[in-house]
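Below is one structure, written out as structure tokens; comments come after it.
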Amino acid sequence: MQRPPPRPEDFSLKETAPNLGGSVPGDKLTTTYDLVEQMLYLYVRVVKAKDLPPKDVTGSLDPYVEVKLGNYKGTTKHFEKKSNPEWNQVFAFSRDRLQATAVEVTVKDKDFIKDDFVGRVVLELNEVPKRVPPDSPLAPQWYRLEDKKGDKAKGELMLAVWMGTQADEAFPEAWHSDAATVPSDVVANIRSKVYLNPRLWYVRVNVIEAQDLLITDKGRYPDVYVKASMGNQILKTRPSPSKNTNPMWNEDLIFVAAEPFEERLLLSVEDRVGPNKDEVLGRAMITLQSVPRRLDYKPVPSQWYNLERHVLLEGDQKKKEVKFSSRIHLRICLDGGYHVLDESTHYSSDLRPTAKQLWKPSIGILELGILSAHGLQPMKAGKEGIGMTDAYCVAKYGPKWVRTRTIVNNFNPKWNEQYTWEVFDPCTVITIGVFDNCHLQGGDKAAGTRDTRIGKVRIRLSTLETDRVYTHSYPLIVLLPSGVKKMGEVQLAVRFTCSSLLNMMYMYSQPFLPKMHYLHPLSVTQLDMLRHQATQIVSMRLSRAEPPLRKEVVEYMLDVDSHMWSMRKSKANFFRVMSVLSGIIAVSKWFDQICHWKNPLTTVLIHVLFIILVLYPELILPTIFLYLFLIGVWYFRWRPKHPPHMDTRLSHAESTTPDELDEEFDTFPSARPGDIVRMRYDRLRSVAGRIQTVVGDLATQGERLQNLLSWRDPRATALFVTFCFITAIVLYVTPFRVVALLVGLYVLRHPRFRHKLPSVPLNFFRRLPARTDSML
């Protein structure tokens, strides 16, 4: 039996009512944690020990501490041959999972066969004090060790034990009881972390000219160009039009670089001596630390650089680089007036220029509470083949990325972590993604292991009311080769606080991007290439952090593949255009009904309004703006109360075919068999043929307008010129109001005075020639 399709409400946004800011009487979180539910933890800080007795026959001791609470057990690292060790490690046990009335802290001696018992401290939970920041940290105390019978043993252990919340400063680095099954060597992969984007710059290299190049073959004209490389980025100039030893280019090459600058700029002047054969005439190496930075379009001083050359000797051995008289003239600068685009412009979270001197004050604060997720799907097989999910969240806004801790093997994880960002532009988007951590069970050793995407949420700040807390459960929707699927829901709390309403309103009058993008714009091709390079640099830098924010996570958050062809997206965008035009189409249909007197009363009122506007034309603009004002006030009653979310119907994710999905998930270049690629190519040709026809029809109408006065059809042009002359005389002697009144009454005339045949002007226009006759 075929499964019924999922109901539309499965993909809907649900408003929630979580208990934000605390749930225990007398306990109150700080204001920085008022967008999450309070989670209580028992914290045990193991500081150090002293005077521990030796256990081995050699008189040495390899101590470590085991903290046990019910079935949960955590251990510190062990020291070799040390009787006064210092650990300073924190253990956190969730109060919801407490299964005992006392916490047992045991000191043991590491041994090959069986670890020896040294001593322990047992603390009753009802005696543990409570602490909530901004209270000062609890001072640790010395506790005398006891043996298994409860008698005093040799040695002391310094501990601090308290009941706190996730607002505690010890929380991020603590060992958590819900991650007790995680091996100690990958514990760093489950902790929460804040990352910062590297500061990106556009490096503009203006290649002006070269002088005194040494050409090997002096019997031909040199075909010289400059190749510039920086890391994986390689650009070339066009061959110089001056075919001599002093070539000129005056061409700009633009790269993306990130601070701190790790890579150098390598320039090589090359001569194309034959097909696929280039000879290097000289090289120059430039470090970016010495390159000047500019904030506007004023040119920086140019500079001559000496070229160095490799001389090949016998046995293909290279002689040391020798400086000679050839040199190259360059103007290099770091352009700080641009914003380096690493995100899609539709979902940008930061629009400020690179140079901090050009930054404007912030307009507000964005606060995000990542509460929990519900109904997550099993993402991988665990032990004994049972499905499991180790979920964590990543949020990105501006240069700041945040990653929550990983909740191990839980389909309903609770994070309750809160983060804050400065806002500089309200028309920006925060992106929240949920991922499955695949690097906890020895995943680092498995080649090709990637964290799996569970879903993504985007929230545009301009759609939020200021100072209001939005608490919603967002559907996590992903498109798989098998179709659209809901992977669960993530519960978020969002608040946008505006510090200056005037400054925020002023931002709506400012250009979307920094002014350099408009004064000296980059081409679309350049922007696409530079964005690709920027995303590669960001993903590489963040993947080197600890714990790493992996490449697949960064690329998914930055929508790296958003530019790839998709039949589904093309359909969705086409229907979006039709939805926009539907208003114009509806108005034209309404006007057609007015003209055909479908509702005589409405038509009479339109006649009266038209006559008033003709007699008093100064009322036209006020009437239009008053009408728009009244429409806006009327629609205020039905304004959206919730932030937008992923819409499967708008995206045409529910109606797409399996073949279209297979094409969307295909690699580039295609990895499918030739017959499938041929079928898809034919389908694309069919779609492109229809688009080609529409574009041709638009061109035909434009050419007919041009041919009204071109005398391509002498009789048609003569008729039009004569008509224009007569019309000019009539309009000179007739008041404009009379003409407008007569034209309006003619357009609104009763159907009794209409004909079903096309009008004379339309017939005349359709008979005009176009350049289709000259098309092959």
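Report in % the part of the accessible area of region 354-447 that belongs to carbon and sulfur, leaving out ligands and nucleic acids; probe 1.4 Å.
Using a 1.4 Å probe with all protein chains present, region 354-447 comes out at 55 percent carbon and sulfur.
What are the ³J(HN,Hα) values, in whole Hz, obtained from phi via the Karplus relation 6.51 cos²θ - 1.76 cosθ + 1.60 with θ = phi - 60°, for each residue of region 248-264 in sequence order, with x given for Gly and Pro?
Result, rounded to whole Hz: 10, 10, 6, 10, 9, 10, 10, 10, 10, 10, 10, 7, x, 6, 9, 10, 9.
Measure off, as a whole percent, the carbon and sulfur share of the 1.4 Å-probe accessible area of region 55-169, all protein chains present.
After summing per-atom areas, the C and S share lands at 44 percent.
Computed over the Cα atoms of region 592-730, what is the convex hull's projected area averaged over all directions, in nm²? Don't skip to the end; give the middle numbers.
Working: hull surface 73.9 nm².
Its Cα hull, projected and averaged over all orientations, spans 18.5 nm².
Rounded, prolate or oblate for region 132-256? Axes are the square roots of the Cα gyration tensor eigenvalues, ordered a ≥ b ≥ c, and the cut-off for rounded is a/c under 1.5.
Prolate shape, in that a/c is at least 1.5 and a/b is the bigger ratio.
I need to check one value: relative contact order of the chain, counting alpha carbon pairs closer than 8 Å and at least 6 residues apart, in percent.
10
Find which of S60, S562, S242 sits farthest along the positive direction of the dipole of the chain, computed with +1 on the beta-carbon of Lys and Arg, -1 on that of Asp and Glu, about the Cα centre.
After comparing all options, I get S242.
Roughly speaking, to the nearest percent, how much of region 184-246's 1.4 Å accessible area is carbon and sulfur? List each step's numbers first, then the result.
On the way: 1570 of 3090 Å².
Carbon and sulfur: 51 percent of the exposed surface of region 184-246.
Would you mind computing, in nm to one decimal, how far apart the modelled labels at F610 and T623 are, each placed 7 Å from Cα along Cα→Cβ?
1.1
Need one number: nm distance between label points at R752 and S670, each 7 Å from Cα along Cα→Cβ, rounded to one decimal.
In this crude spin-label approximation the distance works out to 6.4 nm.
Tilt of helix 600-615 relative to the longest C-alpha principal axis of the chain, in degrees (0 to 90, nearest 10)?
Long axis of 600-615 versus the principal axis of the chain: about 80 degrees.
Residue by residue through region 554-569, which ³J(HN,Hα) values in whole Hz follow from phi under the Karplus form 6.51 cos²θ - 1.76 cosθ + 1.60 (θ = phi - 60°), with glycine and proline marked x?
Per residue, the Karplus-derived 3J(HN,Hα) values read 4, 5, 5, 5, 8, 6, 5, 9, 5, 8, 6, 5, 8, 4, 4, 5 Hz.
To the nearest 0.05, what FRET efficiency results for Y221 and S325 with a Förster distance of 30 Å applied to their C-beta separation?
My answer for the efficiency is 0.90.
What accessible area per residue, rounded to a whole number of Å², is obtained for region 24-183 using a probe radius of 1.4 Å?
Normalised by residue count, the accessible surface of region 24-183 is 53 Å².
Taking θ = phi - 60°, what integer Hz values does the Karplus form 6.51 cos²θ - 1.76 cosθ + 1.60 yield along region 733-744, in sequence order, with x for Gly and Pro?
Ordered by residue, 3J(HN,Hα) equals 9, 10, x, 5, 5, 5, 5, 4, 5, 5, 5, x Hz.
Between W711 and V733, take the C-beta separation as r, use R0 = 25 Å, and let me know the FRET efficiency to the nearest 0.05.
With R0 = 25 Å, the Cβ-Cβ based efficiency is 0.30.
Charges on Cβ only, +1 for Lys and Arg, -1 for Asp and Glu, centred on the Cα centroid of the chain; of L464, Y508, V434, which one is farthest towards the dipole's positive end?
Positive-most Cα among the choices belongs to Y508.
If amide H atoms are built 1.01 Å from N in the plane of the peptide, which residues on other chains or at least 5 residues away come under 5 Å of the amide H of S499?
G364, I365
What's the magnitude of the charge dipole for region 173-265 around its Cα centre, counting Lys and Arg as +1 and Asp and Glu as -1 at the beta-carbon? Answer in Debye, nearest 20. Don't skip to the end; give the middle numbers.
Details: 11 positive and 12 negative charges, 79 e Å.
Charge dipole, region 173-265, about its Cα centre: 380 debye, nearest 20.
Would you work out the charge dipole size for region 612-707 about its Cα centre, treating the Cβ of every Lys and Arg as +1 and the Cβ of every Asp and Glu as -1, and quote it to the nearest 20 debye?
380
Could you tell me whether region 436-585 comes out rounded, prolate or oblate from its Cα gyration tensor? Rule is a ≥ b ≥ c as square roots of the eigenvalues, rounded for a/c under 1.5, then prolate if a/b exceeds b/c, otherwise oblate.
Since a/c stays below 1.5, the shape of region 436-585 is classed as rounded.
If R0 is 41 Å, what FRET efficiency do you get for D51 and A17 from their C-beta distance, rounded to 0.05?
0.15
Based on the alpha-carbon gyration tensor of the chain and its eigenvalue square roots a ≥ b ≥ c, which shape applies: rounded if a/c is under 1.5, prolate if not and a/b is larger than b/c, or oblate? Could the numbers behind the result be given before it?
On the way: a/c = 2.44, a/b = 1.47, b/c = 1.66.
Oblate is the answer for the chain, as a/c is 1.5 or above yet b/c matches or exceeds a/b.
How long, wide and thick is region 105-176, going by the Cα atoms along their three principal axes, in whole angstroms, largest first?
On the principal axes, region 105-176 reaches 43, 27, 18 Å in Cα extent.
Quick one: which residues, 5 or more positions from N416 or on another chain, have an amide H under 5 Å from its amide H? H modelled 1.01 Å from N in the peptide plane, none for Pro or chain starts.
Residues meeting the criterion, in which the H sits 1.01 Å from N, are L371, S372.
Any idea what the dipole of the chain comes to, in debye rounded to 20, about its Cα centre with Lys/Arg Cβ at +1 and Asp/Glu Cβ at -1?
2300
T772 to V677: extension gain in nm, 0.36 nm per residue of separation minus the Cα-Cα distance?
Contour length minus the Cα-Cα distance gives 30.9 nm.
Would you list which aspartates and glutamates come within 12 Å of K73, measuring only between C-alpha atoms, while excluding same-chain residues fewer than 8 positions from it?
E104, D178
Please enumerate, by chain and number, the lysines with C-alpha under 29 Å from the C-alpha of K298, excluding those fewer than 8 residues away in the same chain.
List returned: K227, K236, K356, K360, K515.
Among P299, Y746, L628, whose Cα sits farthest toward the positive end of the charge dipole of the chain (+1 at Cβ of Lys/Arg, -1 at Cβ of Asp/Glu, about the Cα centre)?
Checked the options; the winner is Y746.
Please compute the modelled spin-label separation between L650 and I208, points set 7 Å along Cα→Cβ, answer in nm with one decimal.
Roughly 5.1 nm, to one decimal.
The values are calculated or read from the model by the stated rules, or taken from the named source; none is laboratory data. Predicted model, so just to flag it, every value in this text is computed and none were measured. Ideal geometry is used to build each Cβ from the backbone, glycine not excepted, and the neighbour counts take in all protein chains shown. We work out accessible area using only protein heavy atoms, side chains counted, and drop any ligands, DNA or RNA first. Shrake-Rupley method; radii C 1.70, N 1.55, O 1.52, S 1.80 Å.
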